[in-house]
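Below is one structure, written out as structure tokens, with a few remarks after it.
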Amino acid sequence: MTLRYMRAAAAIAVPVLLASTPLYAADKQELSRILSEIKTLKKAYEGRIATLENKIKSLEQKKAVAGKKVTPASGGRAIKDNSFNPSLGIILNGRAGSFSQDGSEIAGFGVGEEGERGREGLAIDESEINFSANVDDKFYASSTVAIVREEGEDKVELEEAYIQTLPDAGLPDGLRLKAGRAFWTLGYLNEHHAHGDDFADRPLPYRVYLNKSFNDDGIEVSYVVPADMFIEFGGGIFRGDDFPAGDSVSGFGAWSAYARVGGDIGDNQSWRLGAYTLHSDVNSRATNEGAVTFVGKSNLYAADLRYSWAPTGNARNQELIFQTEFFHRSEDGTYNDTGAGTGAVNFDDGSQGWYAQAVYKFAPAWRVGARYSQLLAADTPAGLAESALDSAGHDPYTMSVMADWTNSEFGRIRVQYNREELSDGRDDNQFILQYVMSIGAHAAHAF
Amino acid sequence: MIKKLSFVSILMLGWALPAPATADVRVFACEPEWAALAQEIGGDKVSTYSATHEKQDAHHVRARPSLIAKIRRADLVICAGAGLEVGWLPLLMQRGARSNVRPGKPGHLMAAQHVPVREIPTVIDRSLGDIHPEGNPHVHLDPRNLTLLARELSKRLSVIDSQNSALYSRNLKSFENRWEMHMKKWNIRAAKLKNMPVVVHHKSWSYLIGWLGLKEVGSLEAKPGIPPTVSHLNRLLKTVSAAKAKAILRTPFDQSDPSNWLANKTNIPALVLPFTVSRNAKPGALKKLFDDILAQLEKANGRP
């Protein structure tokens, strides 16, 4: 209403003013009064118009946004995301390997199927198929099936099948529950799928203490502390079927606890430090292709440190990652090597294993890395002399160097050289050429 | 007169009844520009943290432990959205976020959902490069979008911290006034840059180009996210000269070699335009960002 009045007033006033000429000096004062009034009017009028224009503009913009949400410009299908279908991802990897030694026994340690050296010649590694999606507002679920070649047969292994609470699940902030089968929180590498590793094989402590990885059936709780620094702790209860446990009777054969902290140093450096423990009642754990059996208690303690430095802040272009883990295992029970006919021999001792590695990305697609990993075997009890568990005073070690080429986030080709001395005097020179490719959805990797 | 009185009395009321001291609203911004905008609207009632800095490409950030810690305590998460942070934000949300910053809550603000988005693809395939199905996420380089986001921020802050909603509205008003003034000046400068032909490294500048009316005559990346190749650059060499391109634009975090190579061959200046404000930007940094960008473009445009 006011606007219309003002517009009319301005429309009349302006031409009238322009047409008339100041004839009398007495009118000058009057004129300047009118002028200033018109100026005020004009100002108000412009202000109003601008407000209205802004309103229209914002409405139009809102409309444009709303319109886009419903129909894309092309009339093609609007693919916002795939959130109503599970994300599907497939990891394919294969290798060619050449080894200078026929056998690869790790003297002094019982080694499970997956802790053994990979196959020589041409072979595909685990092919992983992953489905994952939010179940509803409270749960997330993920399942990974691996097809692996074992004993001359392609076998389907359920690597992961878990549900996990989302922040909306009604638990206190920072608390998360994960149940099912998963790569549980233990050290650095265990949580990660092997396809994300920086080397073609896992370091020695993972091979002997975890049979590559610990993914028992169980439940794990974790809590992130509300603090400036990253502080997380948690623990879990597990069935006790997976290495280092085995063949559980009670179905509650293992438990774990962990704590870790992390943060940034300046803009471009990050670190994380953790301590972990896993306790297992081992009803029966078979290793060395069924020849060696352990019965008793197995306690594993681990510590890990990861440090990364991206000189410009862009890890995609240039980055140095240093990573190390230390394991101590103490076991109290009996070992029996049927291959050597030892019978059940009491064993109450500890051993250690560690590795340290550095990987340097010097160009967006190129990385080089070096790793040293070593085991410190326990003293051999008299009853186990000459068996697979006799280290003969030798501490197994592996030195590795690798270089890889990453064409995109989804494809990587790697060459690796290992020099292993896993038993006294048996040097093994290994060359591995490997590819790792993923298609479909691929969840982000954690730090 | 009455209006004036009531305004004064409201002011006095506000002064007489100071709100009880409360903790700041913690804002977790994925990129520095959103931290700076939140600071403009939130003033001293918010404390902002930017997950990335001005020399960092927000496409590729690690879900670092420090970010989990920061998002764990956030009251408001503000990001570009449209898939820019898809490589790390979902992981952070899963690992540490509180329920009040989950998608759909007032504490979850994705910029691309509140502005007209450009370049929404019609065909989606990874062989076409790293494309965002939701469209181009680099929305902040059109200052009109910042106005829209400032309004949304003020709304969200008023919901999250209703005690200070009057302050957020006031800050918004003052920001809008200042911004409108700047826009008037920028628009005058923009008119002289209209149709200036430019070559870009990545699709980082689409909103700037759209706002200023520049003409994009080539891209160093043949496909978004795939590093420039020699064969593609050779092809560009012919087209950009023919198109009389005035500048080659890249961000501080794009590789320098491709644009320098093209600059040497063609004598078209390679410009490193600031892509965003610094991580702990002072008030007014957003204005300076556009001033700096315009100044560099004007200089390049003025060359014969």
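The values are calculated or read from the model by the stated rules, or taken from the named source; none is laboratory data. Quick caveat: nothing in here was measured; it's all calculated off a predicted structure. Note that each Cβ is placed from the backbone with ideal geometry, even for glycine, and that neighbours are counted across all protein chains shown.
A few notes on this one:
- Test: residue B:271 is outside any helix (DSSP H, G or I) and farther than 26 Å from residue B:40 by Cα: yes
- Pairs with Cβ under 8 Å, 6+ apart, first in region A:282-294 and under 17 Å from residue A:103 (Cβ atoms) and in contact (Cβ under 8 Å) with a residue 24 or more places away in the chain, second basic (Lys, Arg) and not in a strand (DSSP E or B): none
- Every residue from region A:253-276 that is assigned to a strand (DSSP E or B), under 30 Å from residue A:310 (Cβ atoms) and out of contact with any helix residue (DSSP H, G or I) (no Cβ under 7 Å at 6 or more places or on another chain): A:258, A:259, A:260, A:261, A:265, A:269, A:271, A:273, A:274, A:275, A:276
- Scan region A:404-441 for residues that are surrounded by fewer than 18 Cβ atoms within 10 Å (Cβ to Cβ), in contact (Cβ under 8 Å) with a residue 60 or more places away in the chain and either among the β-branched types (Val, Ile, Thr) or in a strand (DSSP E or B) (or both) and the total you get is 8.
- Test: residue in region A:186-193 that is within 14 Å of chain B (Cβ to nearest Cβ), part of a strand (DSSP E or B), in contact with a Gly (Cβ under 9 Å, 6 or more places away or on another chain) and touching a residue at least 40 places away in the same chain (Cβ under 8 Å): no
- Enumeration of residues in region A:234-289 that are touching a Ser or Thr at 6+ places or on another chain (Cβ under 8 Å), among the acidic types (Asp, Glu) and within 14 Å of chain B (Cβ to nearest Cβ): A:264
- Any strands (runs of 3 or more DSSP E) falling wholly within region A:277-375 and containing at least 1 residues that are under 24 Å from residue A:267 (Cβ atoms) and among the β-branched types (Val, Ile, Thr): A:319-337, A:344-363
- Of all residues in region B:276-300 being small (Gly, Ala, Ser) and within 15 Å of the chain's Cα centre (by Cα), the one that is nearest to the other protein chains (Cβ to nearest Cβ): B:278
- Residue within region B:89-100 that is under 27 Å from residue A:171 (Cα atoms), in contact with an Asp or Glu (Cβ under 9 Å, 6 or more places away or on another chain) and surrounded by fewer than 20 Cβ atoms within 10 Å (Cβ to Cβ) present: yes
- The lone exception for residue B:249 - which of (1) surrounded by 15 or more Cβ atoms within 10 Å (Cβ to Cβ); (2) touching a Pro at 6+ places or on another chain (Cβ under 7 Å); (3) not assigned by TED's automatic domain parsing to the domain that holds residue B:148 it fails: (2)
- Of everything listed in (1) surrounded by 20 or more Cβ atoms within 10 Å (Cβ to Cβ); (2) within 11 Å of chain A (Cβ to nearest Cβ); (3) out of contact with any Pro (no Cβ under 7 Å at 6 or more places or on another chain), the single unmet condition for residue B:104 is (1).
- When residue B:44 is tested against (1) surrounded by fewer than 24 Cβ atoms within 10 Å (Cβ to Cβ); (2) among the acidic types (Asp, Glu); (3) under 30 Å from residue B:224 (Cβ atoms), just one condition goes unmet, and that condition is (3).
- In the set B:172, B:273, only one residue is within 21 Å of the chain's Cα centre (by Cα), aliphatic (A, V, I, L, M) and under 21 Å from residue B:302 (Cα atoms); that residue is B:273.
- So residue A:250, is it within 22 Å of the chain's Cα centre (by Cα) and either assigned to a strand (DSSP E or B) or surrounded by fewer than 17 Cβ atoms within 10 Å (Cβ to Cβ) (or both): no
- Within region B:194-246, if we keep just the residues that are away from chain A (no Cβ under 14 Å), in a helix (DSSP H, G or I) and among the small types (Gly, Ala, Ser), the residue that is surrounded by the most Cβ atoms within 10 Å (Cβ to Cβ) turns out to be B:206.
- In this structure, residue A:317 qualifies as in contact (Cβ under 8 Å) with a residue 40 or more places away in the chain, at negative phi and within 14 Å of chain B (Cβ to nearest Cβ).
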